[in-house]
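Here's the structure we're looking at; comments come further down.
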Amino acid sequence: MEKPLSGRFRVLDSIRRGGPISRVEIADACGLSRSAVTGVVQSLQHEGWITEVQELAHGNGNGEDPARHDPGRGRPRVNLDMNPNAAHVLGVKLSLHRMSVAVTDFRGDVLHTTTLPFNGSQHPDIAADMIEVGVRRCLIEAKIDKNRVLGLCVAIPGYINNLEGLCYWSPIFDRDDVAFGPLLSERFPFPASIENDANVVTLAEHWFGEGRNLSSFAVVTVEHGIGMGLVTHDRLYRGHNGIGPEFGHAKIEFSGRPCRCGQLGCVEAYAADYAILRQVLPHFSLDSYSQDPKAYHVEIERITAEAKAGDQALTAEFAKAGRILGRAIGNLIATLNPPKVIVTGEGLRAGEMLFAPLVKEARKLQLAGNRFETEIVAHLWGDDVWARGAAALVLQQAYMDPPALIRDSAPDSAELPSQALA
Ligand SMILES: [Zn+2]
């Protein structure tokens, strides 16, 4: 069971989202008393995570009347902002053919990304070695001292228990039940964790993307397979023992097409990259991806480009995939009634060919009388954003509790941002 969000988290998160921001605005945003905010702010300032910024009383550059904020003209308004250089965090996104590493500052802004080839179905030790190389390379390229890093999170497709660092199953490994979190931690001077990849992209949407202003929403990822993440009351829903929603394996047909999971009629067997590819290229089988993931990606991109160039038969395949996914998302909306469903992942390279029929079909299933229509949006972004979401998971922990690594040492004052807006 996860801990509730701490006051420390709420204050830091509202400064990250709204800074520079006043103490009164933080209290309003967090639903905390002003005295509680004052106490938290004091310790955050003392530890060097946030800094005071004075807004000059004769104007803020936006043409706003400063007297609106501060009736005592001439007295500068004091806001609070993050000290982004206080520490750094690392996120990694693994797929069967590629590894993306991102290093961010304490606010979650990406400072550098490194992308390297990666081979799936590996012995866990070899996978950990490859991650170690990628992380070290990213830190060297970004000129960041490893001692200023609070932690690392690696996003992995499969069944992951984040709290225990356990991977029950993933196509990344050649075996099941891998204690990969502890294996990674041995290699770095900072804590390392693992998380399901759909969960980290969902966190990225919550921190930086389409879910930024929502406390509950769903994300559907369309890639080689189909995944899902769910945020409820500002927390990731992780399900029983960390195995969250497996939306890709929701069934849409009795005795339907074979799925990677070994069952029949799953939604991903109709709408994922592999499902489209095997329909149009009969020599591609369920195993083609794991045998040669790079060639597989070249093919799906070629097929998509040909469809966009006007190939009618290919366009019809993408439309069919979109319709089926739209039906499944309609079921999801009927089950959960979220305010928004965000569709993301590489499968969106198909654009409107896939997405327009998806929305049309999901809308058809909307129940009469429900005036609160769920918004369905497409959001295409790259692997570096998934890695940024993994980094945000480390930040979430660092915002919750003072991080152990540099808790007792204030950040270098030379790295503090300018105190004035002038
Ligand atoms: Zn399945």
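The values are calculated or read from the model by the stated rules, or taken from the named source; none is laboratory data. These numbers come from a predicted model, not from an experiment. So basically every Cβ, Gly included, is an ideal-geometry build from the backbone, and we count neighbours across all protein chains shown.
Could you pull out every one of the helices (runs of 4 or more DSSP H) wholly within the stretch 110-214 that has 2 or more residues that are among the charged types (D, E, K, R) and modelled with pLDDT of 95 or more?
Per the criteria, 124-142.
Residue by residue, here is whether (1) over 20 Å from Leu90 (Cβ atoms); (2) among the hydroxyl-bearing types (Ser, Thr, Tyr) holds:
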site: Ser170; (1), (2): no, yes
site: Glu186; (1), (2): no, no
site: Arg238; (1), (2): yes, no
site: Gly248; (1), (2): yes, no
site: Lys251; (1), (2): yes, no
site: Pro258; (1), (2): yes, no
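All but one of (1) free of Cβ contacts under 8 Å to residues at least 60 places away in the same chain; (2) under 20 Å from Leu203 (Cβ atoms) hold for Ile160; state the number of the condition that does not hold.
Of the numbered conditions (1) free of Cβ contacts under 8 Å to residues at least 60 places away in the same chain; (2) under 20 Å from Leu203 (Cβ atoms), the odd one out for Ile160 is (1).
For (1) assigned by TED's automatic domain parsing to the domain that holds Gly225; (2) part of a strand (DSSP E or B); (3) under 25 Å from the mean Cα position of the chain (by Cα), each residue gets a yes or a no:
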residue	(1), (2), (3)
Ala307	yes, no, no
Ala334	yes, no, yes
Pro357	yes, no, no
Arg363	yes, no, no
Gly369	yes, no, no
Phe372	yes, no, no
Ala392	no, no, yes
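Please identify the pairs in which a residue from the stretch 253-264 that is farther than 15 Å from Ser288 by Cβ has its Cβ atom under 9 Å from the Cβ atom of a residue that is basic (Lys, Arg) and more than 9 Å from the ligand (Cβ to nearest atom), counting only partners at least 6 apart or on another chain.
Taking only residues 6 or more apart or on different chains, the pairs are Arg257/Arg278; Leu264/Arg257.
Could you check the stretch 257-315 and list, in sequence order, the residues that are of a type in the set (S, T, N, Q) and either under 26 Å from Gly158 (Cβ atoms) or touching a helix residue (DSSP H, G or I) at 6+ places or on another chain (Cβ under 8 Å) (or both)?
Gln263, Gln279, Ser285, Ser288, Ser290, Gln291, Thr304, Thr315
Go through the stretch 375-397 residue by residue and tally those that are in contact with a strand residue (DSSP E or B) (Cβ under 6 Å, 6 or more places away or on another chain), closer than 27 Å to Leu348 by Cα and among the β-branched types (Val, Ile, Thr).
2
Report the residue count in the stretch 279-326 for those that are more than 16 Å from the ligand (Cβ to nearest atom), surrounded by 20 or more Cβ atoms within 10 Å (Cβ to Cβ) and of a type in the set (Val, Ile, Thr).
Looking only at that region, the number is 3.
Looking at (1) surrounded by fewer than 24 Cβ atoms within 10 Å (Cβ to Cβ); (2) farther than 15 Å from Gly389 by Cα, which is the one condition that is false for Cys167?
All conditions are met except number (1).
Just the residues that are among the acidic types (Asp, Glu), under 27 Å from the mean Cα position of the chain (by Cα) and more than 10 Å from the ligand (Cβ to nearest atom), please, taken from the stretch 242-278. Show your work before the answer.
Taking the stretch 242-278 as the starting set, the residues that turn out to be among the acidic types (Asp, Glu) are 246, 253, 268, 273.
The next check asks that each one be under 27 Å from the mean Cα position of the chain (by Cα); those that pass are 246, 268, 273.
Hit for the stretch 242-278 is Asp273, nothing else.
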